[in-house]
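See structure below.
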Amino acid sequence: MPSNKIHFSLFMFTVDMRPDDRDYTKVLIGHLKALTEIGYDGFDLPIPARPGADHAREIESYKGLKQAFDEAGLQNVRFTTNVGTTRDYDPTSTDTAMRDKALAYLKSRVDITATLGGETVMAGPIIFPYGMYPTEADVPLWSDALQDWLAPRYLLARPVIQELAHYAETKGVKLAIEPVDHWETAAPNMVSDVLQFLEGVDSPQAGLTVDCAHVMLGSSGPEAYERDIQATIAQKRLHYVHISSLDRGSLADTWIPWRKFLKPIIPNYDGPYLVEVFNAIPVFQNSLRLTRRKFWIPGEDQAEPGLPSAYDVARDGLKKLRRQLDRLSTE
């Protein structure tokens, strides 16, 4: 049977841990304890960008958050982080000062990840700013024009990620760059895009997150996917695997092609799997165009009889993933 740890994403509840808000820390501890009792081994914590923030101060605030978790009896729980670059911290910028700023920001996120500990994986879209679609003279760039625009900016970002990878290695943190489908961001969209980018980054500390929702929405097909996964594993760059439905909701009944997605991964991957659900909290409603009802959150929302709670969805997702991993590992 697979021994991989299974994590749960706190995108079910929030995009901001608010580490200086002790009242909210108590709310988070309640969720973490409940989900640990359900059977999760760890959690993926969103670490947002705060333009103009003092990174040293931010790191200290997350040290305080980790101390609060430990004092609550969660010292053995594993944590990974979700990090993205933004227009304020852009490694692909043509401005050297902006790239330096982006590197400092990303290093601070490595430090936060190391502080929280556990699996020490920092995942997310850390090359191009998430959700950015470039324009020229207010005209959106697509297809060939987009690819021509992206190419020199990938080259500008490569030294940033190279230096970040070496820094992350000193902190024991793996970088898991996430290709995100074209419905959410311009690039990179596919596993092959990230692999091509990483040809110029010598440290395997910089690797990939593979998310089944993004693979299904943005990849070339199952043959290309299997080939790219094999290459990723051969390069020791597969650092995180995300399991998410196409509607980013419940896994209880989903279109995920379990065998095609997991079979190339299972034999040679010992890292964590993440059950990732984007609840219909306000921050996601517009960006992901969510039309489904919110999964009501115990302790925060009024119970909705007959409708699944966030904990119900988490429990269903864990059962579904474990069942698929057990089944496919014995085939």
In Å, what Kirkwood hydrodynamic radius results for region 45-108 from the alpha-carbon pair distances? 13.2 Å
Cα-based Rg and Dmax for region 1-139, in Å, come out at 16.5, 56
Could you pull out the pairs from 26/63; 174/260; 5/320; 5/319; 5/260 whose alpha carbons sit more than 18 Å apart here? 174/260; 5/260
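So with the 1.4 Å probe, I'd like the accessible area per residue for region 128-257, rounded to whole Å².
Result: 45 Å² per residue.
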Modelled label-to-label distance, residue 56 and residue 33, 7 Å Cα→beta-carbon offset: nm? 3.6 nm
Leaving ligands, DNA and RNA out of it, work out the accessible area of residue 94 with a 1.4 Å probe and give it in Å² to the nearest 10. 100 Å²
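If you build the Cα gyration tensor of region 143-218 and take the root of 5 times each eigenvalue, what three semi-axes come out, in whole angstrom, biggest first?
Details: eigenvalues 100, 52, 14 Å².
Semi-axes from the Cα gyration tensor: 22, 16, 8 Å.
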Please arrange 182, 239 by accessible surface area, largest first, computed with a 1.4 Å probe and ligands excluded. 182, 239
Taking protein heavy atoms only, a 1.4 Å probe, and rounding to whole percent, the accessible area of the chain owed to carbon and sulfur comes out at 49 percent
Sort 142, 255, 183, 149 by heavy-atom solvent-accessible area, probe 1.4 angstrom, most to least. 255, 183, 142, 149
Amide H contacts under 5 Å for residue 242, placed H, 5+ residues apart: 210, 211, 212, 274
Residues of region 1-81: accessible area per residue at 1.4 Å, in Å²? 43 Å²
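On a 1.4 Å probe surface of the protein chains, which of 90, 138 comes out largest in accessible area, and what is the full order? Spell out each step's value before the answer.
On the way: 90 20, 138 145 Å².
The ranking, largest first, comes out as 138, 90.
Mind pulling up the Rg/Rh value for the chain? Radius of gyration and Kirkwood radius, both on Cα. Write down the numbers at each step before the final one.
Values: Rg = 19.1 Å, Rh = 20.2 Å.
Using Cα coordinates only, the ratio equals 0.94.
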Accessible area of residue 331, 1.4 Å probe, to the nearest 10 Å²? 110 Å²
Rounded to the nearest 10 Å², what accessible area does residue 14 show when all protein chains are kept and the probe is 1.4 Å? 10 Å²
If exposed trypsin sites (Lys or Arg not before Pro) are those in a DSSP loop with at most 12 other Cβ within 10 Å, what is the longest stretch of the chain that has none? 1-235
On a C-alpha basis, how far is the centre of region 260-331 from the centre of region 13-85 in Å? Whole number, if you could? 19 Å
If I model region 140-293 as equal point scatterers sitting on the Cα atoms and use the Debye formula, what is log10 I(q)/I(0) at q = 0.09, 0.12, 0.15, 0.19 Å⁻¹? -0.31, -0.56, -0.87, -1.27
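The values are calculated or read from the model by the stated rules, or taken from the named source; none is laboratory data. Source: prediction; values computed, not measured. When we count neighbours, we look across all protein chains shown, and the Cβ atoms used for this are built from the backbone with ideal geometry, even at glycine. Only protein heavy atoms, including side chains, enter the accessible area calculation; ligands, DNA and RNA are left aside. Shrake-Rupley method; radii C 1.70, N 1.55, O 1.52, S 1.80 Å.
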